[in-house]
Amino acid sequence: MRRTGLFGGTFDPIHYGHLLAAESAREAAKLEEVWFIPTFVPPHKSHPGADSENRRRMLETALADCPGFRVEEIELSRQGVSYTIDTVNALHERYQDRAFYWIVGSDMVKDLPNWRQAEELAEKVTFIGLERPGEPCDEVDLPSYVRRKLLRASMPPIGISSTDIRRRRKEGRSIRFMTPEPVHEWIRRHGLYES
Ligand code: ATP
C-alpha cells in the first residue's frame, strides 16, 4: 500500500506552519506523498478571507517546488459542505492501492470526535496529530477509537496562523517570511485580506 498523507484545511492563506506540519508528518509516518485538500467554502456563508480560486492558486504556488506534495481538488470540485468522511470514501474508491493518513494540528485533534461519522472515519484513516503552540492536547480526553488510530508527530513549534496573517494584512503590517515569497507576492498583487 502506498502511504499517503491527506492534509485538509481552508489554507486562507497557506503558511509555513502548514508546510512544516506536512513535512513533519511525512517524515514521521514515512509517507510517499502528501495531498493538500482545500476545503470549499460555500458562497452563502460569510467568509472574511479569499475565495476558493485564490486559495487554490496560492496552494499551487507554494507547492510548486515541493516534490511529493500536491493539491487535491476533490472538495472544491464537490462544493457544498466538505465532510472529511465523504472525501475519504471517494478517495478510497478512486485509489485502492493507497493507505490514507489524515494530518491535523493539535487544535483539531480535540475536535475529531465531533466530526461527521467519526468512528467510521477512524476505521478508514490513521490520524497524524501535530502539536501547535498554545494548543496542548490531552489524549485521555479522546475516545478510544480515536486514540487507537492517532499517531503523534513532533515539529518545531510554529506560532503562525492564517487568522494572524489576515489580521496583519488588514492592519497594514508585514507578513513577509510567514509564507513562501511567491504566496506573499500573490497576496500583495491581488490585494488580498486588505479589508
Ligand atoms: P485559521 O487561522 O484561518 O483558522 P489555520 O492557520 O488554523 O487557519 P487551517 O487551514 O484552518 O489553518 O488549518 C489546516 C490544518 O493545519 C489544521 O489541521 C491546523 O490545525 C493545521 N495547522 C495550521 N497552522 C498550524 C501550525 N502553525 N502548526 C501546526 N499545525 C497547523
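Rounded to the nearest 0.05, what FRET efficiency do residue 167 and residue 51 have when you use their Cβ-Cβ distance and R0 = 30 Å? Once rounded, the FRET efficiency stands at 0.95.
Between residue 70 and residue 141, the distance separating the two model label sites (each 7 Å from Cα on the Cα→Cβ line) works out to 3.7 nm.
Comparing mean-square fluctuations of 140, 41, 71 from a GNM of the chain with C-alpha springs under 10 Å, the top value falls on 140.
Which of 118, 62, 25 moves the most in a Gaussian network model of the chain with Cα springs under 10 Å? Fluctuation is largest for 118. Taking a ≥ b ≥ c as the square roots of the eigenvalues of the alpha carbon gyration tensor, the chain is prolate, as a/c is not under 1.5 and a/b beats b/c. Maximal additional length on extending the residue 93-residue 111 stretch stands at 3.9 nm, based on 0.36 nm per residue less the C-alpha distance.
Since only 115, 103, 52 are under comparison, the one whose Cα sits farthest along the positive direction of the charge dipole of the chain, derived from C-beta charges on Lys, Arg, Asp and Glu, is 52.
Computed from the coordinates by the stated procedures, all read-outs in this text should not be read as laboratory data. As the structure is a computational prediction, the values presented were derived from the model and not from experiment. Heads up, the Cβs are rebuilt from the backbone with ideal geometry, glycines too, and the neighbour counts pull from every protein chain shown.
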